[in-house]
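The structure appears right after this line, and notes come after that.
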């Protein structure tokens, strides 16, 4: 089917003209890919199976693949230890971060793209320089911790969303600004002549047109805050405020070698991420491509 | 034109948040590192005393070189593997290429804590899948994380595994930006696949590749999670790299004086990489 479409549209780029690897390399790389498929998918699959095994099945040797009675006892143990509350808090943190990041990034990106103001290029440089630094630099963690402790900002409901928002902002501004550059200024000018102010332009023209960029930045902000571990493990120690990653890490000490509850917690912790990955995979790729950052 | 005040009011909220979380702590942290710290409180100005104490710490040099080995191996392997995979996927066609891409970025999208934990459980734990399998095949006594070099090797492997997806996507974006006419013209002139790759594709990928190298270096010299969950820095201190060292100094031994001065020095190292990043970030697909 695809081939007939290709034939009907000769201007479309066909596969044959792309750079190809020499045959020996192609075989080597496809083997590498096959290996990666195993190494990437096996931990998730084995994690699901482990989380459904009872204690006896878990310690059976050799490990059974499917020959066991699935049980939810591991999930029950994790849930009785308060894990649902942890997930709830994490969802609130992540959604709050996404909303705050986009609400602050859009006007900033608009001003950087459309306005002239003092220090504009210096501030923009600061934004770009903050992109790689803000996403998990261990060097920033200690000063941040000391400063927040001094100001008494640790261990509060707003501590983590505030830090995450500031961490996600540079990249969000950069991604959104990249899209705003492609929206013709004539639209703004026409709206100004029609009596709209800049806020009206931002709300009625720029916001709808920059939706793909906002989506890409939003998805990355959600995934970034959901997966964050180091900051949350030092900034809050109240269990009610602790998000999912440090909670799972603490389970390592708490459950020790009991991999059943440990994998059950891990599986519950990656469900939202896997859902986003399946539903919004394209946004993730486009966000990464536009932002060109975060290793 | 809009007034200066309106313009500033559009960027002010974002900069207020960034100042509070990113810029101000750096300055405060530097000032803090110039004091003698007891129980987390500044007790007297000692200038560069913390730095002097830190630099005479005999373990720091080894930690530094370990970090260099870890980061360069991680960056080189990740970039090389991602480059091969990207050229291969680029030749696959859109739908199959996209699926392959999604499988490869899976470990990147899962949190480092969970990904490392699951990797350890499946491949490295003595009652896990791989070791049990090895035992069935007759290899008893496999304890991959007990040997210092083995532990470092696995730390690098897990870090590469986690980061290939990111590198792949950036290289693929770079590949898509190369006009097809270039390859076609070269092919008409009789160039082989390898010649096209080495004299057209590779030079045109220079910017995305440099970008990847910088971002991956930054992320490798700042990763706390992977060593913490995989090895805890051990055996001994075989996998204790700088970010873990600074984390432990601050939150395990509560030596905030040496932690803050080490953090300031690491921050200065990061800034050099960031400056290189800024030069490349204007790259557009």
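Contact map, the range B:1-30: residues that are farther than 16 Å from residue A:123 by Cβ and more than 7 Å from chain A (Cβ to nearest Cβ) paired with residues that are in a helix (DSSP H, G or I) and modelled with pLDDT under 95, Cβ distance under 7 Å, separation 6+ or inter-chain. Pairs shown: B:30/B:264. For the range A:210-229, residues that are more than 14 Å from every other protein chain (Cβ to nearest Cβ) and under 22 Å from residue A:89 (Cα atoms) total 1. Kindly evaluate residue B:218 against the criterion of being in contact with a strand residue (DSSP E or B) (Cβ under 6 Å, 6 or more places away or on another chain) and crowded, with 18+ Cβ neighbours inside 10 Å. When the stated conditions are applied, residue B:218 does not pass them. With respect to the conditions (1) within 9 Å of chain A (Cβ to nearest Cβ); (2) buried (at least 21 other Cβ atoms within 10 Å of the Cβ); (3) assigned to a loop (DSSP other than H, G, I, E, B), residue B:178 falls short on a single one, namely (2). Within the range B:238-271, the residues that satisfy the criterion of being in a loop (DSSP other than H, G, I, E, B) and either facing chain A (nearest Cβ under 10 Å) or within 20 Å of the chain's Cα centre (by Cα) (or both) are B:238, B:239, B:240, B:241. Residue B:43 falls short on exactly one of the conditions (1) within 16 Å of residue B:249 (Cα to Cα); (2) outside any helix (DSSP H, G or I), and that condition is (1).
Okay, residues lined up against (1) at the interface with chain B (Cβ under 9 Å from one of its Cβ atoms); (2) crowded, with 16+ Cβ neighbours inside 10 Å:
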| position | (1), (2) |
| --- | --- |
| A:26 | yes, yes |
| A:35 | no, no |
| A:42 | yes, yes |
| A:46 | yes, yes |
| A:49 | no, yes |
| A:55 | no, no |
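Of the helices (runs of 4 or more DSSP H) lying entirely inside the range A:76-181, those carrying at least 3 residues that are more than 7 Å from chain B (Cβ to nearest Cβ), touching a helix residue (DSSP H, G or I) at 6+ places or on another chain (Cβ under 6 Å) and more than 30 Å from residue B:31 (Cβ to Cβ) are A:83-114, A:159-180. Evaluate the following for residue A:244: is it surrounded by fewer than 21 Cβ atoms within 10 Å (Cβ to Cβ), modelled with pLDDT of 90 or more and over 30 Å from residue A:112 (Cβ atoms)? Judged against the criteria, residue A:244 is not a match. Go through the residues of the range A:80-87 one by one and say whether even a single one is more than 30 Å from residue B:260 (Cα to Cα) and within 20 Å of the chain's Cα centre (by Cα). Within the range A:80-87, one or more residues are more than 30 Å from residue B:260 (Cα to Cα) and within 20 Å of the chain's Cα centre (by Cα).
Looking only at the range B:93-112, decide whether some residue is surrounded by fewer than 18 Cβ atoms within 10 Å (Cβ to Cβ), in contact (Cβ under 8 Å) with a residue 24 or more places away in the chain and under 23 Å from residue A:136 (Cα atoms). No, the conditions are met nowhere in the range B:93-112.
Just one residue in the set B:39, B:35, B:51 is more than 7 Å from chain A (Cβ to nearest Cβ) and touching a strand residue (DSSP E or B) at 6+ places or on another chain (Cβ under 9 Å); that residue is B:35. Here's a check for you: in the range B:73-91, which residue that is free of Cβ contacts under 8 Å to residues at least 60 places away in the same chain and under 29 Å from residue B:239 (Cβ atoms) is surrounded by the fewest Cβ atoms within 10 Å (Cβ to Cβ)? Checking each candidate, the answer is B:80. Looking across the range A:269-292 at every residue that is modelled with pLDDT of 90 or more and facing chain B (nearest Cβ under 7 Å), the one that is surrounded by the most Cβ atoms within 10 Å (Cβ to Cβ) is identified as A:269. Could you pull out the residue among A:191, A:213, A:240 that is closer than 30 Å to residue A:145 by Cα and in contact with a helix residue (DSSP H, G or I) (Cβ under 8 Å, 6 or more places away or on another chain)? On inspection, the qualifying residue turns out to be A:240.
Residue by residue, here is whether (1) surrounded by 15 or more Cβ atoms within 10 Å (Cβ to Cβ); (2) more than 23 Å from the chain's Cα centre (by Cα); (3) touching a residue at least 24 places away in the same chain (Cβ under 8 Å) holds:
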position	(1), (2), (3)
A:148	yes, yes, yes
A:173	yes, no, yes
A:185	no, yes, yes
A:189	no, yes, no
A:206	yes, yes, yes
A:220	yes, no, yes
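The values are calculated or read from the model by the stated rules, or taken from the named source; none is laboratory data. This structure is a prediction, so every number in the text was calculated from the model and none was measured. Backbone-built Cβ (ideal geometry, glycine too); neighbour counts: all protein chains shown.
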